[in-house]
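Colleague: Please find one structure pasted underneath; my questions will follow.
The values are calculated or read from the model by the stated rules, or taken from the named source; none is laboratory data. This is a predicted model, so every value here is computed, not measured. When we count neighbours, we look across all protein chains shown, and the Cβ atoms used for this are built from the backbone with ideal geometry, even at glycine. The accessibility values were calculated without ligands, DNA or RNA, using every heavy atom of the protein model including side chains. Shrake-Rupley method; radii C 1.70, N 1.55, O 1.52, S 1.80 Å.
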Amino acid sequence: MDISIHSSFLPHTDPEASLAFYCDTLGFEVRMDVEYGGMHWITLGPAGQPDTSIVLYPPAASPGVTEEEQHTIAEMMAKGTYGMVLLATPDLDTTFERVQAGGAEIVQEPAQQPYGVRDCGVRDPAGNMIRIQERP
């Protein structure tokens, strides 16, 4: 079977802050920015990897989500327990320095984990957990 991951979705609450984090800090490129009804769906991804994307979406636009569920999602996003993505880099220390200089909320500085990887943890402007792993 030939199957790959094309896009993953993460909620966002501020398109400008999200663009600054993902593009200016992480170096991603915008592939699409769709505005509808005052909301933005932003597709972006690492330069040179056109087949892999993250879609930042407004959580209020999720179909079938009740107002109570939207409130719960907002609370979870604020705590950093709703969305998460794992990224990888060949040079974790340089990447961490860039992310830290970009003003990201630091959750964990680079460390060797007991499960065999070296990584760090930061939060994007919407509160999503971003773990960055060092490739061996």
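Colleague: What does the charge count near residue 122 come to, summing +1 for each Lys or Arg and -1 for each Asp or Glu among other residues with Cβ under 13 Å from its Cβ?
Modeller: Details: positive: 98, 123, 131; negative: 97, 105, 109, 119, 124.
After counting each charged neighbour, the total is -2.
Colleague: Post the alpha-carbon centroid distance, the range 85-136 to the range 20-55, in whole angstrom.
Modeller: Here the two parts' Cα centres lie 19 Å apart.
Colleague: Rounded to the nearest 500, what is the 222 nm mean residue ellipticity of the chain from helices alone, with -39500 (n - 2.57) per DSSP H run of 4+ residues and division by all residues?
Modeller: Rounded to the nearest 500, the figure is -6000 deg cm²/dmol.
Colleague: Assigning unit charges at the beta carbon (Lys, Arg +1; Asp, Glu -1) and nothing else, what dipole magnitude in debye, to the nearest 20, does the range 1-81 show about its Cα centre?
Modeller: Details: 2 positive and 12 negative charges, 31 e Å.
About 140 debye.
Colleague: What angle do you read, to the nearest 10 degrees and between 0 and 90, between the alpha-carbon axis of helix 92-101 and the longest principal axis of the chain?
Modeller: In the chain, helix 92-101 runs at an angle near 50 degrees to the longest axis.
Colleague: I've got another one for you. Hey, what did the range 1-65 get for relative contact order, percent, Cα under 8 Å, at least 6 apart? Please report the intermediate quantities before stating the final value.
Modeller: Working: 90 pairs, mean separation 23.5, N = 65.
Relative contact order for the range 1-65 comes out at 36 percent.
Colleague: Once the Cα atoms of helix 67-79 and of the chain are each reduced to a long axis, what angle between those two axes, in degrees from 0 to 90 to the nearest 10, is obtained?
Modeller: Orientation of helix 67-79: about 20 degrees from the principal axis.
Colleague: Any chance you could look up the accessible area of residue 68 with a 1.4 Å probe, heavy atoms only, rounded to 10 Å²?
Modeller: Accessible area of residue 68: about 150 Å².
Colleague: What does the charge add up to near residue 96, with Lys and Arg as +1, Asp and Glu as -1, over the other residues with Cβ less than 11 Å from its Cβ? Don't skip to the end; give the middle numbers.
Modeller: Details: positive: 98, 118; negative: 91, 93, 97, 109, 119, 134.
In short, -4.
Colleague: Specify which residue in the list 85, 112, 17 is farthest towards the positive end of the charge dipole of the chain, using unit charges on the beta carbon of Lys, Arg (+1) and Asp, Glu (-1), about the Cα centre.
Modeller: Selected residue: 112.
Colleague: Still on this structure: With a 1.4 Å probe and every protein chain left in place, work out the accessible area per residue of the range 1-92 in Å², rounded to a whole number.
Modeller: On the way: 5660 Å² over 92 residues.
Accessible area per residue, the range 1-92: 61 Å².
Colleague: Could you give the radius of gyration (one decimal) and Dmax (whole number) of the Cα atoms in the chain, in Å?
Modeller: 15.3, 46
Colleague: GNM on the chain, C-alpha springs below 10 Å: top fluctuator among 126, 104, 78?
Modeller: 78
Colleague: Go ahead and set up a Gaussian network model of the chain, Cα springs under 10 Å, then flag whichever of 64, 80, 103 fluctuates most.
Modeller: 64
Colleague: Quote the relative contact order of the chain in percent (integer), defining contacts as alpha-carbon pairs under 8 Å separated by 6+ residues.
Modeller: Details: 231 pairs, mean separation 33.2, N = 136.
The value is 24 percent.
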